[in-house]
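Q: I am attaching a structure below and will ask some questions about it afterwards.
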Amino acid sequence: MKQLLHDIWDAIRGFEHDYTRISLGKAILLLAVPMVLEMLMESVFAIFDMYFVSRLGDEALAIVGLTESLMTMIYAIAVGMALATTGIVARRIGEKHDRAAAESSSQAILLGIIISVAIAIPGVLYAPKILGLMHAEKEVIRLGSGFTRIMLGGNVVIMLLFINNAIFRSAGAPALSMRVLLIANLINIILDPCLIFGLGLFPELGVTGAAIATNIGRGIGVLYQFYLLFVKKSRIELFLRDFRLNFKIIWKVLYLSGGGIFQHLIATSSWIVLYRILAEYKSVVIAGYTIAIRVFVFFLLPAWGISNAASTLVGQNLGAKDPRRAERSVWKTSLVCSIYMAIIMLAFLVMPHFFIHLFSAKGNMSYDVAVACLKIMGMGMVFYGFEMIVAQAFNGAGDTYTPTLLNLFAFWIVQIPLAYYLAKVIGMRENGVFYAILISESVLAIMGIIVFKLGRWKTREV
């Protein structure tokens, strides 16, 4: 126990290790602990926004839910960029080519900024029309256009947070990513109530204040990331000369990002379709679904942190020419993740009211929807964990296109048609959508395990 606590403390402090040589159990612990904490802090952004915004009513919750469904497209691109960065940088680190890792990192950052600007301009100009296309009610559009405009316009801070933190994790320094989000979260937590409710000298901006607080917090986090990267606080040190366009590296990043981006666009765009189906049942259903998803994601993100550990270990060990160790790292992280997810599944099934009560009062229609959603989707937690680990293992190996094809089948061939059939044809309404999510995610996990065991990812060149 004493050694375990010592290793956990080392993981939080962020000592450097050679993850291709130390024991796999210790490597998983040292990587997973700060990555789990990082993911928890990432979800704190959403949780605190939801907590304060829920005090403004169901219309405000619907604004956040609809905007978040749009932001999933941005998150998909950011995650795709981060996956490509992880695959390339981890491989170079495993090969002991630190300078090459830095050069690849700088080109990923440049590409992320270019994509962000292309998204921000139409997002700022056409926010009300975009909400209208999502079938938002007129009052929701009136109250929420400012929130949506700020979130879409400030997407560059999301993009850079994901890419830069992927650089730290790939280099075996996940504690730096954790510190970045700690700073960003503290700022967001302080500013959220001040700007939403107009505390002290701050103006009362309502739901728009939540967007401003979140972007300020993330923006300061990005500035801290660049400080760490330029002042030799991590294994990867960047210089201004690294930011000269290198089209060979950019193409490699873009190619791998393409798989990662489409992988997540396929998944997240299906969620937009699900929101479109749910929107026909008015704002209370969307509000309830949004509450449940926030709770769900909060407990899902630690599993994402564990899966990020698998991704780093796969990339670095393939770079060190040890595919057998890379595979063993995946099954060991899967065991850890499945235990955690089984505990959360039990909590969701036994006491869903405990989690939902934080955001909605009992008796509200949104409360009942949220409880039902959490119980139904919660039944598949162990499957979700396996699906995340296997997908990240593929991505860490630089094989971003296999998870893309798996997602295409699970979400567009299974999930969307099934959601429509259960909700509209059979008449299960919103519960039909929730069951469709449960079934499709479970199918995805089983397919992923089968394809992973074939082992073709071991020969992928990056």
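Q: Run the helix sum for the chain: -39,500 (n - 2.57) per DSSP H stretch of 4+ residues, divided by residue count, reported at 222 nm to the nearest 500 deg cm²/dmol.
A: Values: 18 runs with 362 residues, N = 462.
Helix contribution divided over all residues of the chain: -27000 deg cm²/dmol.
Q: Could you tell me the relative contact order of the chain? Use alpha-carbon pairs under 8 Å, at least six residues apart, and round to a whole percent.
A: Dividing the mean separation by the residue count of the chain yields 23 percent.
Q: On to the next question. Setting aside same-chain residues fewer than 8 positions from LYS26, which aspartates and glutamates have a Cα under 14 Å from its Cα?
A: By straight Cα distance, LYS26 reaches ASP7, ASP10, GLU16, ASP18.
Q: Sorted by average packing, counted as other Cβ atoms within 10 angstrom per residue and highest first, what order do 178-185, 232-239 take?
A: 178-185, 232-239
Q: Follow-up question, since we're still on this one. Can you list which of the DSSP-assigned H helices in the chain have a Cα extent of 15 Å or more along the long axis and an average Kyte-Doolittle score of at least 0.5?
A: Span-like helices here: 24-53, 58-94, 98-125, 155-170, 174-197, 207-230, 247-278, 282-319, 323-350, 365-378, 381-396, 430-452.
Q: Let me ask you something else. Counting only Cα atoms, I'd like the Rg/Rh figure for segment 22-456, Kirkwood definition for Rh.
A: Ratio of gyration radius to Kirkwood radius: 0.95.
Q: How large is the dipole of segment 22-456 about the Cα centre if only Lys and Arg carry +1 and Asp and Glu carry -1, each at its Cβ, rounded to the nearest 20 debye?
A: It works out to roughly 1160 debye.
Q: Another one. For PHE247 paired with ILE121, estimate the spin-label separation in nm (one decimal), with each label point 7 Å from Cα along the Cα-to-Cβ line.
A: In this crude label model, PHE247 to ILE121 measures out at 2.1 nm.
Q: If the chain between TRP9 and LEU358 were fully stretched, how many nm would it gain, using 0.36 nm times the residue separation less the Cα-Cα distance? Provide the component values of the computation, followed by the final result.
A: Numbers: separation 349, 0.36 × 349 = 125.64 nm, distance 3.11 nm.
Between TRP9 and LEU358, full extension yields an extra 122.5 nm.
No value in this document is a laboratory result; all are computed from the given coordinates. Bear in mind the structure is a predicted one, so any value in this text is a computation, not a measurement. Positions of Cβ are generated from backbone atoms using ideal geometry, with glycine treated the same way; all protein chains shown enter the neighbour counts.
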